[in-house]
Each structure stands twice: as structure tokens, then as C-alpha cells.
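Down below is the structure, laid out as C-alpha cells.
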Amino acid sequence: MHILSKSTYIKGLQCEKALYLTKKHPYLRDKLSLEKRAKFQRGTDVGILAQQYFPGGVNMTPNSPSQFPKRVKETMENLQNPAINVMYEAVFQHNDTLVMVDILVREGDQWRAIEVKSSLKLSPTYYNDAALQYYVLHGCGVPLSDFQLMHVNADYVKQGPIDVKQLFQLVSIMDYAKEQEPIIAANVERLKNVITLPHAPQVEIGSHCHEPYDCDFLGHCWKNVPKTKTEFTIDYKALYAQAPTTKPRHIAYLNTLTYMPAVPELDGTKPYQPMTLAYALTGENEPDGYSFWSCLDDHSRWQEYLSLLEERFKHYDLIVCFEPKNPIQSSKLFNLYEVLQNAQMFHPFLKDGFNLQNTAKALFHDAKLFEHSRILVEAIAHELTSYEQTKDDLLTENEMIKRIYQQFFK
Ligand code: SF4
């Protein structure tokens, strides 16, 4: 059996203690947030779509971890089989390190390896992870014509069925991977040794706990942070410098449900283009104290919210919201997400993400909120039936937006 994999190697580069805990004490791991789960799912969906770029391949994905040795053997046999020209998730092992290559394409006597990323840009971590794969493939003696990273093309505009050749872009990292080989080899030895230690290595908490990824053991390692660091802080001078210049007479609270599909869903849209599928506006000039709009039953109407909101905004001096991905432009908008961040608001809860849920938890002990991403996932999954639920969820969040605003500005 293998000792390291692509994910444990990347984890070990971030923090040796995180690697050790993953291997020896996985039960200490934090619960997976819905946001993280959705991100994994998005990666898987994009990976499957990317296979269409090189159709007709043999899928080597094992059904369970116990099948890894069998798949390693079959992958090596398939390399010699002239009837097989493309493999998906081919499994290789070298120096106790196991990797699964997203796509492997025969090119004459050689193979081209492709690692698929669902993002628009390539980060240094992606290069590191591809370099590890190159190290393993090279160690297994696979003759490589190229090693490429495939990622989503930000300029692609959907017109008709998805054109995978346009949706994805390929970037060669072969030279980088060759250059990195001795460094990777040294890292693999170092990280293999970490796992054999009798105790977890002593690593202090720090910014590396969030870079390049939020560590899975934040709950475990940060639980004993001294009291002084657990307090709420904010730069009040910076906060009030952003306050509305004249006291607003009519205030409304706005909350949107904004969806950013990696693979564009509608003609004329691009990858990750924000699409607002619903909004709730709470204010004294709304017919029932609120107005709610959604196009969950027909996403093609997603741009309607712009003119509807423009009209509603006329009835207010200030529109308060908490929008990490602000989909609306208006001089009346008062985005608490930006305002509180500009004022350097700090609380340990916010280390898990600067979002409405954690901000409310940090300010009010009785705050009961669900993850905003859960509203989105449920609204999209249930389509029509979720109309009432989405409305209630967004209005509940609006109450919290109002409470946060009043906490500081009233
Ligand atoms: S929380 Fe920080 S110190 Fe603890 S394992 Fe993770 S990265 Fe390492």
C-alpha cells in the first residue's frame, strides 16, 4: 500500500502536523462545510466533462481504496496495450507515493498526461501537484510527450451545446516539472519520515493554517488559543468613516441568491458568471414589508432582477446588504461585507470565513443561521418546490443583516 498521495503530499507541504494528523488521527478533522463539499463536487463534475476532450478512454477509477494495487498493475498493463489510447484516472505508484492522473493520451510511443482544474487560473499549488505526478510517472518509467494542466477558459461564451475544446485551455508544465524533480524527491522522503514519527510534529498555529487551503484541523489546533486573542476587535474610526454621510430616512435590507456555475448553463454566459436567481428586499415601502423575486423555475430570466431592483431602490435612501460577490451596482448600496472588512473586524469565528453566518455568530450569541451556500444548494436542487423555503431563508438572513447594521450604525 502507498504512504503518500497527491492530497496528503500537498497537505504535508502546507503543514507537517496536518499530514501527520490526517494519517494517524483523522477523527480530529473538522466537519466538512457545505461550501467545501460543493467545491469538491464542482471539481468532479468539471473533471468528468473534461474527459470529453479526449473521448473513448478507459476509466481506471477504483471502487474502493483496497483496489489501488490492482489498478496500479492494470494501468501498467494498459500502457502496453495498443488497443488503449486514452485512460482516465490512471493509477501509478512510485516510492510509496500514489497518484491518479486525470487523463492520459497515447501519442505515438509516448503518453501525454493531463491534470484537470475547475478554476479559471492556475495557482502555484496546481503546479506543485502536477510536478508530484510527473515525478511518480517518471519514476514508473512512463515515456511522457508532455504534462499539461487543463483549466476553464474565462473567455468562453456558451452558444448552443458546450464545446469542450473551447471551454478548456491547456498549459504545458513539463519544463517546470522536470526542474522540480529533485525537490519533489526530497519532499517525498521528508514527508514519509513525518508519518513514522511517534508523535505529531510540534507546529505552531499561524497564517500557514489558511494557506493555500483552510486546514482540516483548525478546530483541533486553535481550540486553546489564549483568551486575549479570542476577543472581538474592530477599528471603530475606520468603521464610522464609512458611515452614511446623512442619516438615511428610508432603509431597506437586501439579500440575493447568486449562483456562479463553473460550466456556463445558459447561452451568452461565461464560466463562473454570477447569476442572481432570487432576492429578498425588506423595507417599509415594500407591499408586505418585503418583496421577494426568484427565477428558480426558469434560470433564463436571471437578469430580470436588475430592473426590478432598480425600481425598488427609488423608494429608499440606503440599501444595506452583506454580499461577498456583490452582483449589483448602486450608489445607495451599503455593503456590510466590505464595510466590516475595511474596519478590520476580527473574531476567532471569522477565521473559518468572513461570511454572514460567522459575522452574526461573532456579534450575537443567540444567532441562529444556516450556511448561505446551503440555501443555494437546496434552492437549485429542489427547483420549483423550494420557492417558499428560499424566501423564508433569505428573509431570515435579512433580519440578521438588519441587526448587524443596527448594532453599529443606530
Ligand atoms: S491548524 Fe495549522 S498548525 Fe494545526 S495542523 Fe492545520 S496547518 Fe498545522
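The values are calculated or read from the model by the stated rules, or taken from the named source; none is laboratory data. Worth saying up front: this structure is predicted, and the values here are computed from it rather than measured. With ideal geometry, Cβ positions are generated from the backbone for all residues, glycine too; neighbour counts draw on all protein chains shown. Accessible surface is based on the protein model in full, side chains and every heavy atom, while ligands, DNA and RNA are left aside. Shrake-Rupley method; radii C 1.70, N 1.55, O 1.52, S 1.80 Å.
Computed quantities for the displayed model
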{"read-out": "Built amide H within the under 5 Å cut-off of Y290, gap 5+", "value": "G283"}
{"read-out": "The stretch 4-221: relative contact order as a whole-number percent, Cα under 8 Å and 6+ apart", "value": "25 percent"}
{"read-out": "Cβ crowding within 10 Å averaged over residues, with 341-349, 312-320 ranked highest first", "value": "312-320, 341-349"}
{"read-out": "The stretch 272-407 - share of DSSP beta bridges that are antiparallel (%, nearest 5)", "value": "60 percent"}
{"read-out": "Cα gyration tensor, the stretch 1-106 - rounded (a/c under 1.5), prolate or oblate", "value": "oblate"}
{"read-out": "Accessible area expressed per residue, the chain, with surrounding protein chains retained (probe 1.4 Å, Å²)", "value": "50 Å²"}
{"read-out": "Most mobile of K17, K270, K332 in a GNM of the chain (Cα contacts under 10 Å)", "value": "K332"}
{"read-out": "Antiparallel bridges, percent of DSSP beta bridges restricted to the stretch 59-200 (to nearest 5)", "value": "70 percent"}
{"read-out": "GNM top mover of T233, T269, T245 - the chain, alpha-carbon springs below 10 Å", "value": "T245"}
{"read-out": "The chain - percent of accessible surface contributed by carbon and sulfur, probe 1.4 Å", "value": "52 percent"}
{"read-out": "Radius 15 Å from Cβ of M260, net charge of other residues (Lys, Arg +1; Asp, Glu -1)", "value": "+2"}
{"read-out": "Relative contact order for the chain, counting Cα pairs under 8 Å that sit 6 or more residues apart, in percent", "value": "14 percent"}
{"read-out": "Per-peptide average of other Cβ atoms within 10 Å, ordering 19-32, 255-268 highest first", "value": "255-268, 19-32"}
{"read-out": "GluC sites (Glu not before Pro) within the stretch 160-234, DSSP loop, no more than 13 other Cβ atoms inside 10 Å", "value": "E204, E231"}
{"read-out": "Tensor-based shape of the stretch 158-286 (alpha-carbon gyration tensor, a/c under 1.5 rounded, otherwise prolate or oblate)", "value": "oblate"}
{"read-out": "Under 17 Å from the Cα of K402 - lysines, other chains or at least 8 residues apart", "value": "K247, K332, K361, K368, K391, K410"}
{"read-out": "Under the span-like rule (Cα at least 18 Å along the axis, Kyte-Doolittle mean at least -1.0), DSSP H helices of the chain", "value": "34-50, 124-139, 174-196"}
{"read-out": "Antiparallel bridges, percent of DSSP beta bridges restricted to the chain (to nearest 5)", "value": "65 percent"}
{"read-out": "Local net charge near T245, Cβ-Cβ under 15 Å (Lys/Arg +1, Asp/Glu -1)", "value": "+2"}
{"read-out": "Expected 222 nm ellipticity per residue - DSSP helices of 4 or more, -39500 (n - 2.57), all of the chain, to 500", "value": "-12000 deg cm²/dmol"}
{"read-out": "Max mean-square fluctuation residue, GNM over the chain, Cα-Cα springs under 10 Å, options Y156, Y305, Y213", "value": "Y213"}
